[in-house]
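*Asks:* Sharing a structure here in structure tokens format.
The values are calculated or read from the model by the stated rules, or taken from the named source; none is laboratory data. Nothing here was measured: the structure is a model prediction, and the numbers come from that model. When we count neighbours, we look across all protein chains shown, and the Cβ atoms used for this are built from the backbone with ideal geometry, even at glycine.
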Amino acid sequence: MDDLIVVGAGWAGLTATAFALEKGAKVRLIAQGIGSLIVTPGWISVWDSATGSLEESLVRLTQQIPDHPYALAGIDALKSAMAAFDQLADDKGLNLGYLSDANFRTNFAVLTALGVVQHPFSVPWGYARSDQKSPLFVGFEGWRDYYPALTGPHTATISLPVLDRPWDATPTDLARAFDDAAFRAVVAARVKPHLDGATSVGFPAVLGLENPVIATEDLSERLGVPVFEIPTLPPSVPGTRLYNKLRRYFLDRGVRVQVGHPVVRGLVENGRAVGVEVAAAGKPQRFYARRIILATGGLYGGGLFSDDRGRIWEPLFDIPVQYDPDRSRWFNENLLDPCGHPVHHFGVRANHDMQPLNAGGTPVAEGLHVAGHLLAHPQLEGAPPPFETAEGVALATAYRAVTCALQD
């Protein structure tokens, strides 16, 4: 029997697995598919629009809105989660090179493909220099995932050998090519004549799949100016890097990783969650553990289901969902509303031990914990939109869930 089963392979599921592994637990990770990492930029947003000291803003938030996931998990859980993630990212076997403010004071300023600035808290190495002045933005001939003219006025479009074929190269194709020093030498030679006084160079975020820090530093040395990455359309290479490296890290340390195996039902005996039932050829298989963490995501991640009558439900353990039954109020009129949409706030309620609650406010089952986007977010004045806190909430609640699940 496992100590812990984690269901889901997004930010919350992967980091919960990493945190539990660090605590010495025997862990099994089960997921229907690769989580949200490959469609996100790969950075960690704690609270993008927070003003002043980030920590002070978070403390005020938890005091004013006690039902917010940050308040449930606690700021200490967020800090511990970030410290644990930074230590993991610096592991020589991963070499991810994430950067953040250990004092929780400020966010980074990261330039996006449309030339606007986002403010995540922790960023992969390649994003960290995007606030340079007078950059040159580089695109690739025939590649449709990044158009440098949308980012800024000083641009260059160069040809690449890997694109000399009758089909598009994927972002990961390019990333693998940038892992090769000879390929980087060709790129640098073709970019250098276009510098024209530029003090830095921005590339689409494809600078290496295995060794992005080495690739970025090598290009910087060859060009003589700092090099940085710019987020592109999905699939995200920084997100794919993180997923691939974490999966390999888990397998090397004995974690059972089952991706592509959807959990179809949670198993509860005498009021206690004891395992999960997983779809398989022939008949479902059952896996048992002392504790279970659900990190299956919200409506978009498949952790919640909905129908055309406005009903939303959690399909595995039948956990009650907090939502508005009137579908006409799920979305705002503006698709790109800066506040997001009410539907993004729907989810399950939990207590401070990250145990999901029933309608009466008591735990649905002992031994069951939840983390990440599955959790409800209060729709109150002063509460940040969920997408501004997405990865921070995932890490904080995953850390708290693991801590409570393994404490005894």
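*Asks:* Go through segment 154-171 residue by residue and tally those that are surrounded by 17 or more Cβ atoms within 10 Å (Cβ to Cβ), under 25 Å from residue 95 (Cβ atoms) and touching a residue at least 40 places away in the same chain (Cβ under 8 Å).
*Replies:* Total satisfying the criteria: 1.
*Asks:* Taking residue 190 as the residue in question, decide whether it is without any contact (Cβ under 8 Å) to a residue 60 or more places away in the chain, of a type in the set (D, E, K, R) and touching a Ser or Thr at 6+ places or on another chain (Cβ under 6 Å).
*Replies:* No.
*Asks:* What are the residues in segment 124-170 that are aromatic (Phe, Trp, Tyr) and under 17 Å from residue 199 (Cβ atoms), if any?
*Replies:* Initially, segment 124-170 is screened for residues aromatic (Phe, Trp, Tyr), giving 125, 127, 137, 140, 143, 146-147, 167.
Within segment 124-170, just 137 meets the criteria.
*Asks:* Check whether at least one residue in segment 151-163 is small (Gly, Ala, Ser), within 22 Å of residue 115 (Cα to Cα), modelled with pLDDT of 95 or more and not in a helix (DSSP H, G or I), and report yes or no.
*Replies:* Yes, some residue in segment 151-163 is small (Gly, Ala, Ser), within 22 Å of residue 115 (Cα to Cα), modelled with pLDDT of 95 or more and not in a helix (DSSP H, G or I).
*Asks:* Also, quick follow-up: Out of the residues in segment 109-130 that are in contact with a helix residue (DSSP H, G or I) (Cβ under 7 Å, 6 or more places away or on another chain) and closer than 20 Å to residue 206 by Cα, which is modelled with the lowest pLDDT? Walk me through how you get there before you give the answer.
*Replies:* Our first condition is that a residue be in contact with a helix residue (DSSP H, G or I) (Cβ under 7 Å, 6 or more places away or on another chain); within segment 109-130, this holds for 110, 113-115, 121-122, 124-126.
Remaining after also requiring closer than 20 Å to residue 206 by Cα: 110, 113-115, 122, 124-126.
Numbers: 110: 93, 113: 94, 114: 93, 115: 91, 122: 95, 124: 92, 125: 87, 126: 90.
The extreme case among them is 125.
*Asks:* Only one of 373, 377, 369 is buried (at least 21 other Cβ atoms within 10 Å of the Cβ), part of a strand (DSSP E or B) and either free of Cβ contacts under 8 Å to residues at least 40 places away in the same chain or touching a strand residue (DSSP E or B) at 6+ places or on another chain (Cβ under 9 Å) (or both); which?
*Replies:* Sole residue among the options that is buried (at least 21 other Cβ atoms within 10 Å of the Cβ), part of a strand (DSSP E or B) and either free of Cβ contacts under 8 Å to residues at least 40 places away in the same chain or touching a strand residue (DSSP E or B) at 6+ places or on another chain (Cβ under 9 Å) (or both): 369.
*Asks:* Suppose the filter is of a type outside the set (Gly, Ala, Ser), in the same structural domain as residue 372 (by TED's automatic domain parsing), under 25 Å from the mean Cα position of the chain (by Cα) and surrounded by 14 or more Cβ atoms within 10 Å (Cβ to Cβ); does residue 304 pass it?
*Replies:* yes
*Asks:* Right, something else. Check whether at least one residue in segment 131-142 is under 22 Å from residue 209 (Cβ atoms), surrounded by fewer than 23 Cβ atoms within 10 Å (Cβ to Cβ) and modelled with pLDDT under 90, and report yes or no.
*Replies:* Among the residues of segment 131-142, at least one is under 22 Å from residue 209 (Cβ atoms), surrounded by fewer than 23 Cβ atoms within 10 Å (Cβ to Cβ) and modelled with pLDDT under 90, which makes the answer yes.
*Asks:* Looking at (1) surrounded by fewer than 18 Cβ atoms within 10 Å (Cβ to Cβ); (2) over 32 Å from the mean Cα position of the chain (by Cα), which is the only condition residue 198 fails?
*Replies:* Answer for residue 198: the failing condition is (1).
*Asks:* Can I ask one more? Quick one: count up the residues across segment 230-279 that are surrounded by 14 or more Cβ atoms within 10 Å (Cβ to Cβ), within 30 Å of residue 145 (Cβ to Cβ) and touching a Pro at 6+ places or on another chain (Cβ under 9 Å).
*Replies:* Summing the residues that are surrounded by 14 or more Cβ atoms within 10 Å (Cβ to Cβ), within 30 Å of residue 145 (Cβ to Cβ) and touching a Pro at 6+ places or on another chain (Cβ under 9 Å) in segment 230-279 gives 12.
*Asks:* State which residue pairs qualify: first residue over 22 Å from residue 143 (Cβ atoms) and inside segment 233-248, second residue small (Gly, Ala, Ser) and surrounded by 22 or more Cβ atoms within 10 Å (Cβ to Cβ) in any location, beta carbons under 6 Å apart, and separation of 6 or more residues or different chains.
*Replies:* Between residues of segment 233-248 that are over 22 Å from residue 143 (Cβ atoms) and residues that are small (Gly, Ala, Ser) and surrounded by 22 or more Cβ atoms within 10 Å (Cβ to Cβ), the close pairs are 242/42.
*Asks:* On to the next question. Those residues that are farther than 16 Å from residue 17 by Cβ, part of a strand (DSSP E or B) and not charged (D, E, K, R), I need them from segment 275-295; list them, please.
*Replies:* Initially, segment 275-295 is screened for residues farther than 16 Å from residue 17 by Cβ, giving 275, 277-286, 288.
Keeping just the survivors that are part of a strand (DSSP E or B) gives 275, 277-278, 285-286, 288.
275, 278, 285, 288 - these are the residues of segment 275-295 that are farther than 16 Å from residue 17 by Cβ, part of a strand (DSSP E or B) and not charged (D, E, K, R).
*Asks:* If you take the residues in segment 206-260 that are part of a helix (DSSP H, G or I) and among the β-branched types (Val, Ile, Thr), which one is farthest from residue 118 (Cα to Cα)?
*Replies:* If we take residues in segment 206-260 being part of a helix (DSSP H, G or I) and among the β-branched types (Val, Ile, Thr), then 214 is farthest from residue 118 (Cα to Cα).
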